[in-house]
Amino acid sequence: TLLALLARVAGLFAASLRRQRRHRTERFGALRAVAEVCDGVWWIPCDDPVAFSLGGGRRGIVVAATGLRRLGPRVVDAVLAHERAHVRGRHHLAVALAVAAAEALPRIPLCRAAPGAVGVLCELAADAAAVRRHGPAAVRAALAGTAGRTVTPRGAVGFDAFPEVRRSWLDSPRSALLRGDGAAARLLTGAVALVPALLPAAGAVALVLAACLAP
């Protein structure tokens, strides 16, 4: 049962990656026509203060609107550090695997909730990277400045995702990550990588236990 579920998740994951790659190729074509690349960031002419990262392939890209610059250089640097952390950590792949697990095992609550839960973990991991470089105040200001933006394209991870959870985490005095604790940072990064990978196994165990306990 476990092998069958893992095979199904692997197939769905491969399909998700193909869709992601197709969306990325389509976006690349549109972005190349209007974007100006500077220090690895694709700047697009747009008045809205938005930024997002596109995954897929061997490496992703960070895209930012020129309207982001009006928030100030410190905030811009925090946003770019956040998005670069997404690309560096391959967070798009983690979310894609969680989506595949949810599609393979939709009746398992853990798997059904996986995309949102893994998405939150990815955002917190990226925020931690930005905080360690530029401080929590800059990340809070960035969240406030980009709140309510909905222009992130399909297949991308936008900076304005899960704002309430992230504000609560930033304001928490118990977070070792905000103090630059390297061990805590590695723990959260490991959780991002392991959670989606373990979901199919957890679902299989749940199914086996349900079968064993059934009257």
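Looking only at residues of segment 66-92 that are out of contact with any His (no Cβ under 8 Å at 6 or more places or on another chain), open to solvent by 40 Å² or more (accessible area, probe 1.4 Å) and not in a loop (DSSP other than H, G, I, E, B), we find that the one that is modelled with the lowest pLDDT is R88. State yes or no: is A96 crowded, with 16+ Cβ neighbours inside 10 Å, in contact with a Lys or Arg (Cβ under 6 Å, 6 or more places away or on another chain), in contact (Cβ under 8 Å) with a residue 40 or more places away in the chain and in a helix (DSSP H, G or I)? For A96, the condition - crowded, with 16+ Cβ neighbours inside 10 Å, in contact with a Lys or Arg (Cβ under 6 Å, 6 or more places away or on another chain), in contact (Cβ under 8 Å) with a residue 40 or more places away in the chain and in a helix (DSSP H, G or I) - is not met.
The set of residues in segment 1-24 that are out of contact with any helix residue (DSSP H, G or I) (no Cβ under 6 Å at 6 or more places or on another chain), open to solvent by 90 Å² or more (accessible area, probe 1.4 Å) and not aliphatic (A, V, I, L, M) comprises R18, R21, R22. Checked against (1) touching a strand residue (DSSP E or B) at 6+ places or on another chain (Cβ under 8 Å); (2) open to solvent by 40 Å² or more (accessible area, probe 1.4 Å), V63 passes all but a single condition, namely (2). Of A35, A117, A104, A130, all but one fail to be open to solvent by less than 10 Å² (accessible area, probe 1.4 Å) and in contact (Cβ under 8 Å) with a residue 12 or more places away in the chain; the exception is A130. The single condition among (1) closer than 27 Å to G135 by Cβ; (2) surrounded by 15 or more Cβ atoms within 10 Å (Cβ to Cβ); (3) touching a strand residue (DSSP E or B) at 6+ places or on another chain (Cβ under 9 Å); (4) of a type outside the set (A, V, I, L, M, F, W, C) that R27 does not meet is (1).
Condition first: modelled with pLDDT under 85 and open to solvent by 80 Å² or more (accessible area, probe 1.4 Å). Can you find one or more residues in segment 38-60 that meet it? Taking every residue of segment 38-60 in turn, at least one turns out to be modelled with pLDDT under 85 and open to solvent by 80 Å² or more (accessible area, probe 1.4 Å). Can you work out which of the residues in segment 48-88 that are closer than 21 Å to A14 by Cβ and in contact (Cβ under 8 Å) with a residue 60 or more places away in the chain is farthest from the chain's Cα centre (by Cα)? Among them, the one singled out is G56.
The values are calculated or read from the model by the stated rules, or taken from the named source; none is laboratory data. All values reported here derive from a predicted model rather than from experimental measurement. Reconstructed Cβ throughout: ideal geometry from the backbone, glycine too, with neighbour counts over all protein chains shown. With ligands, DNA and RNA removed, areas are computed over all heavy atoms of the protein, side chains included. Shrake-Rupley method; radii C 1.70, N 1.55, O 1.52, S 1.80 Å.
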